[in-house]
Amino acid sequence: MAVQIRSVRQSKRFQAMKLLRYHRDRSVDMHINVTALVDMMTVLVIFLLMQFNVSGQILFISKDLRVPKAVHVLEIAKGPLIALTRAGDLYFEGQLTKTKLTAPTAANRWEIAELADALRASHMSDVVNVQIDQNVDYSLIKRVLHTCESAGYRRIHLSVGDGRQDRKI
Amino acid sequence: MRARSLSAFVNLVPYIDLMTTIITFLMMTAIWTQMGSIDVQSQAAASAAPENELKVKPVLVMITAQGLMVGEEDAKPQTLLKTTNGEYDLPALKNALLQLKSSHPERLELGLFAADGTKYQQIVQVMDVATGIGLSQISLQPLATS
């Protein structure tokens, strides 16, 4: 049996259009070649999937958080994510944990109780990822780092932007 | 006997629909900012290093409001004042660290002390310089005078 590619696929409505007024008795091939479109989409999907899983770890960056850039950086490791914004809002795994974090005073201990509880509850490894806005003061940073340390996280990964493309030093 | 025509078309419409959906999802959730990380040891982890690894004294860098102080334990640190535009002198820091590193190439530890008021960006800049010359085991601690 010979395989024959069908040339007429148009509907009755299409056949009745004025477009085919002078060719009603002849078949008109109106195919759109989608091969290039399918190829392009396949390549795009493969590229995006590779980008998506480049390090096995996805770090979501809050829109009001600008991380500093560094040239000599390591790959991001798997672990809980802490974010500290310029306004002093502290997030753990995307959830707001404490607002308006203040510098430690004599009456105020360094450890942040809410963060320590959350860290201890999700203790998987000794690695924690910390995203901090570039304008945050060290007096706040040391509270976060101290809390991570007291919760048993010995390796702290400070997330930074990859500045290898605009290296200065 | 007349041969019957056979339609050999593969219907690509569901495939294109699927691809469009996947591309839209991936592009919406994609993170275009390239991220990396700098590994910082906690104070406890740094002090728990084996004795043989601490035979060489670590390099110490202090970040103060006036500038940077670079040196070793039990030695007078070198002071690197801020530049005229109020920024830390990172090229001078790199040279000072290179000198200390060249005296003990096996040295990897850096003790970084930051005073209150230091911005996170400035701390990362110092860490970046140190990591670039091979001082990759950084412990970040508060400056005692703060």
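Looking at A:Thr85, is it modelled with pLDDT of 85 or more and either more than 28 Å from A:Ser125 (Cβ to Cβ) or surrounded by fewer than 16 Cβ atoms within 10 Å (Cβ to Cβ) (or both)? Spelling it out, it is not the case that A:Thr85 is modelled with pLDDT of 85 or more and either more than 28 Å from A:Ser125 (Cβ to Cβ) or surrounded by fewer than 16 Cβ atoms within 10 Å (Cβ to Cβ) (or both).
Is it the case that B:Leu143 is free of Cβ contacts under 8 Å to residues at least 60 places away in the same chain and not basic (Lys, Arg)? It is false that B:Leu143 is free of Cβ contacts under 8 Å to residues at least 60 places away in the same chain and not basic (Lys, Arg).
Can you name every one of the strands (runs of 3 or more DSSP E) wholly within the stretch B:51-146 that holds 2 or more residues which are over 30 Å from A:Gly88 (Cβ atoms) and more than 12 Å from every other protein chain (Cβ to nearest Cβ)? Break it down stepwise before answering.
On the way: elements: B:59-63, B:67-72, B:78-81, B:109-114, B:137-142.
Ranges flagged: B:67-72, B:78-81.
Restricting attention to the stretch A:141-169, which residues are more than 9 Å from chain B (Cβ to nearest Cβ) and either under 17 Å from A:Tyr91 (Cα atoms) or without any contact (Cβ under 8 Å) to a residue 24 or more places away in the chain (or both)? Once the filter is applied, which keeps residues that are more than 9 Å from chain B (Cβ to nearest Cβ) and either under 17 Å from A:Tyr91 (Cα atoms) or without any contact (Cβ under 8 Å) to a residue 24 or more places away in the chain (or both), the stretch A:141-169 yields A:Arg143, A:Val144, A:Thr147, A:Ala151.
The values are calculated or read from the model by the stated rules, or taken from the named source; none is laboratory data. These numbers come from a predicted model, not from an experiment. Please note: Cβ atoms are built from the backbone with ideal geometry, for glycine as well, and neighbour counts cover all protein chains shown.
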